[in-house]
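Below: the structure, in structure tokens.
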Amino acid sequence: MKIAGIVAEYNPFHSGHAYQIDRTRSEDGGGATHIAAVMSGSFVQRGEPALLPKSDRVRAALAGGVDLVLELPLPWALSSAEHFAFGAVSLLDALGCVGILSFGSECGDLDALTRVADTLDSPRFSSLLRYHLDMGIAFPEARQRAVREIAGEKTAALLESPNNTLGIEYIKALRALRSPMIPYTVARFGAGHADVDRPLGNIASATYLRTLLRADRLLEALPYIPAGPARFLSDATQAGRAPSKEERLDRAVLARLRMLTPEDAARLPDLSEGIENRLLAAVREAASLPGLMETIKTRRYPMTRVRRLIWSAFLGVPAGLSAARPPYIRVLGANQKGLEILAASKKAALPLISRASQAARLPGDGAAVWTLECRATDLFALSLPVPPPCGQDCTEGFIRPE
């Protein structure tokens with residue numbers, strides 16, 4: 001048994017995801033016999049509600065070739081690339097049986113990504129990064145400038161692509177955890193991460209597909225989604241479980257943020273350079289969620305960071321949690337091979353849970369993180385065409401293929 005881990009959001013599952021799974025399994029690729037995926041829950045890393053409920057995305061993942069689906073808890077799912085990657089890799093590492101970490105990248109060159117990771121871990125990098133941040137520019141640009149000064153333009157240019165950047169953070173996480181997992185990258189082809197109107201062949205970006213689906217153009221999206229996952233997407237759409245639209249939460253978010261005190265804002269995650277003060281000032285004037293985001297956004301505070309901050313404030317995510325490892329491994333779904341992975345994980349380094357009754361007994365921060373997760377799912381439900389009642393995290397059981 002050769003187990004590979006994948007970090008994903010499947011938002012939605014599409015042909016590019018299927019290609020990565022195929023390459024990870026292929027004999028001339030990763031050679032994996034079993035695949036475990038760590039998937040974001042109700043909210044995703046770019047700072048927005050997921051397109052579909054996590055249960056539908058789990059079913060799509062199992063239909064698309066994944067054997068075991070684990071949940072990346074909210075504080076890590078709604079965090080920077082560094083903490084997102086660290087949290088997800090921590091879960092795979094804690095299983096104790098995953099041998100490969102497979103991830104997509106624009107360059108498809110593991111050696112090149114490793115060189116960037118080396119640069120980011122170098123003693124000189126921190127001082128150069130701080131120098132550029134002090135000039136008032138955003139973190140991504142400051143990081144790229146620092147890498148350029150140490151390793152040159154070609155190496156720094158790798159940080160311009162989002163999946164390269166995540167891949168570098170996966171490599172750094174493996175090092176920080178001293179994990180025995182071996183990194184393996186699959187070159188992305190076809191439409192890029194943010195290509196909104198340029199599908200290529202049967203590959204379209206998740207951004208493009210979400211744009212179609214939120215415009216109620218399901219039939220135009222289906223050619224870019226494998227048959228199994230497409231069935232679950234169609235079923236969810238017909239049943240009113242998709243697509244989510246954040247405008248359905250617009251005034252609820254504004255209401256919650258208008259009640260924030262300066263003390264509340266100071267406890268939010270990923271604060272620096274006074275962004276919390278800008279949030280408090282902007283929310284007193286904003287009449288819509290998009291307007292609030294545009295008011296806060298600056299060169300120093302890019303939109304993705306602003307979005308994550310706003311949703312963290314709405315959901316009540318406190319600072320500090322995402323700097324540590326997640327406190328438990330939640331199993332969302334598995335097929336027979338997935339059960340074999342779980343059998344090989346009997347000595348997992350974190351508690352394994354699949355039912356709400358197990359969450360009540362979690363030690364340390366476990367119960368608090370579980371409470372955040374349940375709250376996020378209940379609020380996410382209000383972004384759907386037909387909102388389900390509260391308690392889905394407690395009533396939705398362990399998912400097995402139909």
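Sorted from greatest to least, the principal axis extents spanned by the alpha carbons of the range 148-242 come out as 51, 31, 21 Å.
A Förster radius of 22 Å combined with the Cβ-Cβ distance from SER288 to ARG258 puts the calculated FRET efficiency at roughly 0.95. Only Cα sites of the range 347-396 enter the Debye sum here, all with the same form factor; the resulting log10 I(q)/I(0) across q = 0.19 1/Å is -0.66, listed in q order. What's log10 of I(q)/I(0) for the chain at q = 0.07, 0.10, 0.11 Å⁻¹, Debye sum over Cα points only, no solvent? One equal scatterer on each Cα of the chain leads to -0.30, -0.65, -0.80. Label-to-label distance, ASP121 versus ALA356, with points set 7 angstrom from Cα along the beta-carbon direction: 4.3 nm. For the chain, with all protein chains in place and a probe radius of 1.4 Å, 53% of the accessible heavy-atom surface sits on carbon or sulfur. Stretching GLU402 away from GLN238 to a fully extended chain increases their span by 57.2 nm, per 0.36 nm per residue minus the current alpha-carbon distance. Assuming a viscosity of 0.692 mPa s and a temperature of 37 °C, what translational diffusion coefficient in µm² per second does Stokes-Einstein assign to the range 76-187, Rh being the Kirkwood radius over Cα pairs? This corresponds to a translational diffusion coefficient of 229 µm²/s. Here the range 84-120 is scanned for amide nitrogen atoms under 15 Å from the site 7 Å beyond the Cα of ALA349 along Cα-to-Cβ, giving 86-101.
Counting pairs of Cα atoms in the range 132-187, how many percent are more than 16 Å apart?
53 percent
What is the packing order of peptides 1-14, 203-216, 65-78, taking the mean over residues of other C-beta atoms within 10 Å and listing the highest first?
Ranked by mean Cβ neighbours within 10 Å, highest first: 65-78, 1-14, 203-216.
Note on ARG251 and THR395: their simple-model spin labels are 2.6 nm apart, each label 7 Å out from Cα toward Cβ. Modelled this way, with points 7 Å down the Cα-to-C-beta line, the labels at ALA215 and LYS337 are 3.6 nm from one another. Annotation: amide H of LEU332 within the under-5 Å range of VAL69, LEU70, GLU71, sequence separation 5 or more or interchain, hydrogens built in the peptide plane.
Residue separation of ARG175 and THR371 scaled by 0.36 nm, minus their Cα-Cα distance, works out to 67.5 nm of gained length.
Relative to its Kirkwood radius, the Cα radius of gyration of the range 267-324 gives an Rg/Rh of 0.95. The Kirkwood hydrodynamic radius of the range 87-144, based on inverse pair distances between different Cα atoms, is 14.0 Å.
Loop-resident trypsin sites (Lys or Arg not before Pro) (DSSP state other than H, G, I, E or B) in the range 250-290 with no more than 15 further Cβ atoms inside 10 Å of their Cβ: ARG284. 3J(HN,Hα) along the range 333-338, derived from phi through the Karplus expression 6.51 cos²θ - 1.76 cosθ + 1.60 where θ = phi - 60°, amounts to x, 6, 9, 4, 5, x Hz, with x in place of Gly and Pro. Spread over its residues, the convex hull of the C-alpha atoms of the range 281-383 is 160 Å³ per residue. The radius of gyration of the Cα set in the range 16-136, together with its Dmax, comes out at 16.8, 49 angstrom. For the range 195-274, the fraction of alpha-carbon pairs lying more than 17 Å apart is 61 percent, rounded to a whole number.
May I ask you to give the solvent-accessible area per residue for the chain, in square angstrom, as obtained with a 1.4 angstrom probe?
I get 41 Å² per residue for the chain.
The values are calculated or read from the model by the stated rules, or taken from the named source; none is laboratory data. As the structure is a computational prediction, the values presented were derived from the model and not from experiment. Ideal geometry is used to build each Cβ from the backbone, glycine not excepted, and the neighbour counts take in all protein chains shown. With ligands, DNA and RNA removed, areas are computed over all heavy atoms of the protein, side chains included. Shrake-Rupley method; radii C 1.70, N 1.55, O 1.52, S 1.80 Å.
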